[in-house]
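Some notes on the structure that comes next.
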Amino acid sequence: MPLFHTDDQAMLAETVTGFIAEQGAIKPQLRRLRDAGDATGHDPALWAQFAELGLTGILIAEADGGLGLGHVEAGIVLREIGRNLTPSPFLSSAVIGATALAEASSDLKGRYLPGIIAGQCVLALALDEGAKHRPERIAMTAERSGNGFRLNGAKQFVVHGTSADALIVAARTAGSADDRDGITLFAVPRDAAGIGHNAVRLVDSSIASHVRFDGVEVDGGTVIGDIDGGRALLDKVLAAGRVGAAAELTGVGSGAFAMTTAYLKTRKQFGRLIGEFQALQHRAAHLYGELEIADAAVIKAQQLLDGGSAQAEVMVSVAKAKASRAANLAVREGVQMHGGVGMTDEYDIGLYMKRDRALAEFLGDATYHADRVATLSGY
Amino acid sequence: MSELDAFREEIRAWLDANCPAEMRLPVQDEDDMCWGGRKFVFKNAAQKTWLERCVAKGYTVPDWPVAYGGAGMTAPQAKVWREELARIGARLPLSSFGIWMLGPALLKFGTEEQKVHYLGQIARGEIRWCQGYSEPGSGSDLVSLQTFGEDRGDHWVVNGQKIWTSYADKADWIFCLVRTDKANKYQGISFLLFDMTTPGVTTKPIKLISGNSPFCETFFDNVVVPKHQIVGELNRGWDVAKYLLGHEREMISGAGGAERLNAIGAVVNRHGGIDNPVLRAELAQFDIDALAFAAMGEKFLDEAKVGRAHPAQPNMMKYAGTELNKRRHELLMAAGGSTALEWDSAETRGGAAARSWLRTKANSIEGGTSEVMLNVVAKRILDLPGA
């Protein structure tokens, strides 16, 4: 399969690019929500518009009412979300949530998937238990209790947690914190008794929750997939989320880069456009290459994942790490090349820097994925 | 089964039956490669057999037209061919500047007669080519070249000097940039082909920091070149040269799936282990960049085949690929420790690691320096002012 978009994918990209550039732009979305002190984390009307275009069902099987497409298509949407810094529950719901629920009971699917497809339901992943992503270690417990389970523990960096209808929770039903086995995934209703949310605003104006589970009782119907055997499903969910975050990062990088090259062509100093200076030209050209290479790594990982390849796992980590590094370079060079105005809130380039930082951390930063590439490669 | 799957099965079966076992062993260095040409000495019988079998099927240049010695494969078929070679670790049957550089230029600019004649020779590995571009006074500023061809009616008489001519001492013919109009800088250069045995051509190998001599100085003293040996129009050789440089940069970048794209952490670990967490981290960062660049190479080739790649993209590829390869060899030297410093011991196959490391330093100079590549990207892709 060639490493570029098929005609159908290119058509989707054209539609999505126009739609998000218009409806999801920085001024009407990110800045408006931020400046109004919004506590939802996204604009529900925009989420419904995503649904009208069919975007919310991209990764949901046709049998479940979705489009049954793949990570290449989901990545097309995420790239544009990234380019426009659009606050959206797409990654947490239509990618991470949908991937988890693909292996859920029909009852559980029926509870959430139609809502995602309709752009009304939001899901959030409750996984991290410390400041750094470390899914190999899960201490939160789910003890058997009657016909169900009792959840105890704490999660953090639960993005869209306060607005989510349900949390996708990874908890331990057997073994000890560092065991690979003994994990079970649950879809826990947001307002279940015993859940405590502490919503915090992050540097990029997104909202994440610290969630406490104090003896939260859930019935067996909330279990996604196999009891104790949830690690394989969690790995799938993580691969989907990571390759999605990588796609979004390439959008962040390309948005910052476009803004920066435009600035190099308009700003004058010493009587010349600053883009005439070779010192800046070479840095811009280097950055262009890094962004192109990151794009290639991401589409390769998407295709491998869609094709069910055994190489997908390592390539997903390559994509997340490479996209993080490239986008990070783009925002740092962006602020520097904008000079003083790059430090002002008025200019958008700083917003890209903030978003990059949050996305880079989500589901493992570049160092986490470098470590993972080494481990998967046997060293 | 799709047509492409059927094709894959056909290729797989053919390779099973025809690729000798020795030709599935990893290439250790340039000596293991088959370069063809009049002076080439096959390393073993398997190398010769492998070449002959591929030549008979047009597989040395799988995507060239059958009439010019190729197999006429479509882009997806050629990709399958590359993938199937890689799957069994098969060596390329033939490596040559004729295939990678001159061939594409002849396909675009050559006359029908030239295509049939020269491309066929290249495909069969009969003629080994070298490239006469750089001169002592014309490196990055190539267009300032001075080697002059004086018009004598039905031929030119060429005088001048080239430098950094790769394997000129092993080559049979040269494709050479020659000034044919001193009044016009860009539109005063012609692209000539001539036999290295023509009277007046001499070569002198240049000893490099690696101790090896892959490059030569090449001197022309009243060399007679018949007029029909020009490619493209008179004084428009710069167009041919630039087109060819794109292919050269693509080749040096390693986009075609060269060894330099491979991850190295696992290999280093097998040869003695990695007991230093900082080295492990650097290897992992390298592997990420190498695997990402491999995807870039694949994407670029896929896009180029259907005309979707930016025409200046090989400049970015060349810059990124060569800087990556230099980093690769710095890491291999670091991982190898004092053993890798040995210069001529049998255990290190004559200091292969150290010599390869030094050789890679030329990657970001030959075929256009990294700095020139960045200039071109800034100008032609980013459209930055005054670039």
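The values are calculated or read from the model by the stated rules, or taken from the named source; none is laboratory data. Everything numeric here is computed off the predicted structure, so don't read it as measured data. Quick reminder, even Gly has a Cβ in these numbers, built from the backbone with ideal geometry, and neighbours come from all protein chains shown.
The table below lists the values:
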{"read-out": "Residue list for the range A:369-379, filter: farther than 19 Å from A:ILE96 by Cα, more than 7 Å from chain B (Cβ to nearest Cβ) and touching a helix residue (DSSP H, G or I) at 6+ places or on another chain (Cβ under 8 Å)", "value": "A:ARG372, A:LEU376"}
{"read-out": "Failed criterion for A:LEU69 (all others in (1) touching a residue at least 12 places away in the same chain (Cβ under 8 Å); (2) assigned to a loop (DSSP other than H, G, I, E, B) hold)", "value": "(1)"}
{"read-out": "Enumeration of residues in the range B:41-77 that are assigned to a loop (DSSP other than H, G, I, E, B), crowded, with 19+ Cβ neighbours inside 10 Å and in contact (Cβ under 8 Å) with a residue 12 or more places away in the chain", "value": "B:GLY58, B:TYR59, B:THR60, B:VAL61, B:PRO62, B:TRP64, B:GLY69, B:GLY70, B:ALA71"}
{"read-out": "Selection from the range A:259-292 of residues that are within 32 Å of the chain's Cα centre (by Cα), more than 9 Å from chain B (Cβ to nearest Cβ) and either among the polar types (S, T, N, Q) or closer than 21 Å to B:TYR319 by Cα (or both)", "value": "A:THR260, A:LEU287, A:LEU291"}
{"read-out": "Considering residues of the range A:326-368 that are on the phi > 0 side of the Ramachandran plot and in a loop (DSSP other than H, G, I, E, B) only, the residue nearest to the other protein chains (Cβ to nearest Cβ)", "value": "A:GLY364"}
{"read-out": "Residues (at pLDDT 95 or above, basic (Lys, Arg) and not in a loop (DSSP other than H, G, I, E, B)) located in the range B:356-383", "value": "B:LYS379, B:ARG380"}
{"read-out": "Residues satisfying the stated conditions in the range A:216-251, i.e. at negative phi, in contact (Cβ under 8 Å) with a residue 24 or more places away in the chain and out of contact with any helix residue (DSSP H, G or I) (no Cβ under 9 Å at 6 or more places or on another chain)", "value": "A:VAL216, A:GLU217, A:VAL218, A:ASP219, A:GLY220, A:GLY229, A:GLY230, A:ARG231"}
{"read-out": "In the range B:131-153, residue surrounded by the most Cβ atoms within 10 Å (Cβ to Cβ) [restricted to those that are in contact (Cβ under 8 Å) with a residue 24 or more places away in the chain and assigned to a strand (DSSP E or B)]", "value": "B:GLY132"}
{"read-out": "Only listed residue being closer than 30 Å to A:TYR347 by Cβ, buried (at least 21 other Cβ atoms within 10 Å of the Cβ) and touching a strand residue (DSSP E or B) at 6+ places or on another chain (Cβ under 8 Å), chosen from A:ALA245, A:ALA256, A:ALA208", "value": "A:ALA208"}
{"read-out": "Count - residues of the range A:190-205 that are exposed (fewer than 15 other Cβ atoms within 10 Å of the Cβ) and basic (Lys, Arg)", "value": "1"}
{"read-out": "Matching residues, the range A:300-324, being within 13 Å of another protein chain (Cβ to nearest Cβ), assigned to a helix (DSSP H, G or I) and surrounded by fewer than 24 Cβ atoms within 10 Å (Cβ to Cβ)", "value": "A:GLN303, A:LEU304, A:ALA312, A:GLU313, A:VAL314"}
{"read-out": "Among the candidates B:GLY273, B:GLY307, residue that is in a loop (DSSP other than H, G, I, E, B), more than 8 Å from chain A (Cβ to nearest Cβ) and closer than 23 Å to A:GLY378 by Cα", "value": "B:GLY273"}
{"read-out": "Residue in the range B:341-350 that is out of contact with any Asp or Glu (no Cβ under 9 Å at 6 or more places or on another chain), under 24 Å from B:ILE288 (Cβ atoms), surrounded by fewer than 20 Cβ atoms within 10 Å (Cβ to Cβ) and assigned by TED's automatic domain parsing to the domain that holds B:HIS271 present", "value": "no"}
{"read-out": "Some residue of the range B:279-302 being surrounded by fewer than 17 Cβ atoms within 10 Å (Cβ to Cβ) and either in a loop (DSSP other than H, G, I, E, B) or more than 8 Å from chain A (Cβ to nearest Cβ) (or both)", "value": "yes"}
{"read-out": "Test result for B:VAL80, buried (at least 19 other Cβ atoms within 10 Å of the Cβ) and over 23 Å from B:TYR167 (Cβ atoms)", "value": "yes"}
{"read-out": "Residue check for B:MET317: within 14 Å of chain A (Cβ to nearest Cβ), part of a helix (DSSP H, G or I) and within 24 Å of A:ALA279 (Cα to Cα)", "value": "yes"}
{"read-out": "Residue match in the range B:239-254 (condition: part of a helix (DSSP H, G or I), farther than 17 Å from B:VAL27 by Cα, of a type in the set (Val, Ile, Thr) and modelled with pLDDT of 90 or more)", "value": "yes"}
{"read-out": "Given (1) in contact with a Leu (Cβ under 7 Å, 6 or more places away or on another chain); (2) more than 13 Å from A:LEU329 (Cβ to Cβ), index of the condition A:LEU287 fails", "value": "(2)"}
{"read-out": "The range A:335-364, subset more than 20 Å from A:GLY251 (Cβ to Cβ) and without any contact (Cβ under 8 Å) to a residue 40 or more places away in the chain, residue nearest to the chain's Cα centre (by Cα)", "value": "A:ASP345"}
{"read-out": "Selection status of B:ARG236, at pLDDT 90 or above, more than 22 Å from the chain's Cα centre (by Cα) and at the interface with chain A (Cβ under 8 Å from one of its Cβ atoms)", "value": "no"}
{"read-out": "Lone qualifier among A:SER209, A:SER254 - being within 14 Å of chain B (Cβ to nearest Cβ) and touching a residue at least 40 places away in the same chain (Cβ under 8 Å)", "value": "A:SER254"}
{"read-out": "Residue count, the range B:339-387 (criterion: among the acidic types (Asp, Glu) and more than 14 Å from chain A (Cβ to nearest Cβ))", "value": "4"}
